[in-house]
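Trainee: After the structure tokens below, expect a handful of questions from me.
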Amino acid sequence: MATVQGSNGRIEIFEDFFGGEDIVANTAATRTFGGSGLRVLGQGIAETDSGITVGETDGNNGVGILTTTNEDNHSCGVATSQGFVVGKMGTIVAECRVQFPDLDTKEFYFGLTDENVDAENLEGSTIHGASTTITLTAANLCGFLLSAELTDDEDWHMVYNGGTTTGETDSTNIDADVDAVAAEYDIIRVEVAINGTARWYINGVLKQTVENAVSTTAELAVIAMVEAKGAAIEYAWIDYISISAARDFTK
């Protein structure tokens, strides 16, 4: 359990996407973004048409536009390192404000995961939704999924895996009944207590609570990622990402 010492007892990460642009056409395999400690990652980001731009039209407040290539299962996202352990650092809070120009042929995930390799893609490493089935590829995850391949393709789904409560794979049981709307922002927030209990909020409203949803010992990252589910470039507009956790003073 974390024991607070000194004046820096919590880790606070905030990215407002005002600067530090990750230029599309940068061919490095992985790179850092801004000064918040997040890094850019994803399958296809080494290509010349994938990356993150900031300060586009209507980008008041600072907006980061995650941009994939036009290839199926290519992805673009930002992530922390796997530096969060629920049992030592809870309550862990991860929040972002996000919108999409359209809701077609894309998948988006925001939350905790134990998968954050340089060439990360959602379907192959962390999670995928199709019809009414959620495939929980990552052994440990907790967050929000939006998938154009689900039957309820415009709704946020509240997903989890890794705790003593079995991860739900029937999408109808974890449907938040809150539709994402093209070109309108949602604020999505997940909180994980030190005992593994998770709570999901959308636009300030509590939508789900699951006890023992998350492993208390797994090392987790926070990730926000959009993935193409077809042959079109896909985008996610992120206003901000906020992460807060207790500092682990046992190390």
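The values are calculated or read from the model by the stated rules, or taken from the named source; none is laboratory data. These figures come from a predicted structure and were not determined experimentally. Cβ: placed from backbone, ideal geometry, glycine included. Neighbour counts: every protein chain shown.
Trainee: Quick one: in segment 94-124, of everything that is among the β-branched types (V, I, T) and under 11 Å from the mean Cα position of the chain (by Cα), which residue is surrounded by the most Cβ atoms within 10 Å (Cβ to Cβ)?
Mentor: Within segment 94-124, the subset among the β-branched types (V, I, T) is 98, 105, 113, 117.
Pick out the ones that are also under 11 Å from the mean Cα position of the chain (by Cα) and you get 98, 113.
On the way: V98: 24, T113: 29.
Within segment 94-124, the match that is surrounded by the most Cβ atoms within 10 Å (Cβ to Cβ) is T113.
Trainee: Next question. I'd like to verify a number: residues in segment 125-136 that are polar (S, T, N, Q) and under 15 Å from the mean Cα position of the chain (by Cα), how many?
Mentor: Of all residues in segment 125-136, those polar (S, T, N, Q) come to 125-126, 131-133, 135.
Those left that are additionally under 15 Å from the mean Cα position of the chain (by Cα): 125-126.
Residues meeting the conditions: 2.
Trainee: Select from segment 97-124 the residues that are closer than 22 Å to V214 by Cβ, assigned to a loop (DSSP other than H, G, I, E, B), in contact with a strand residue (DSSP E or B) (Cβ under 6 Å, 6 or more places away or on another chain) and of a type outside the set (S, T, N, Q) and list them in ascending order.
Mentor: Those that are closer than 22 Å to V214 by Cβ, assigned to a loop (DSSP other than H, G, I, E, B), in contact with a strand residue (DSSP E or B) (Cβ under 6 Å, 6 or more places away or on another chain) and of a type outside the set (S, T, N, Q): D114, E120.
Trainee: Could you tell me whether V98 is at pLDDT 85 or above and β-branched (V, I, T)? Please lay out each step first, then the result.
Mentor: Values: at pLDDT 85 or above: yes; β-branched (V, I, T): yes.
Yes.
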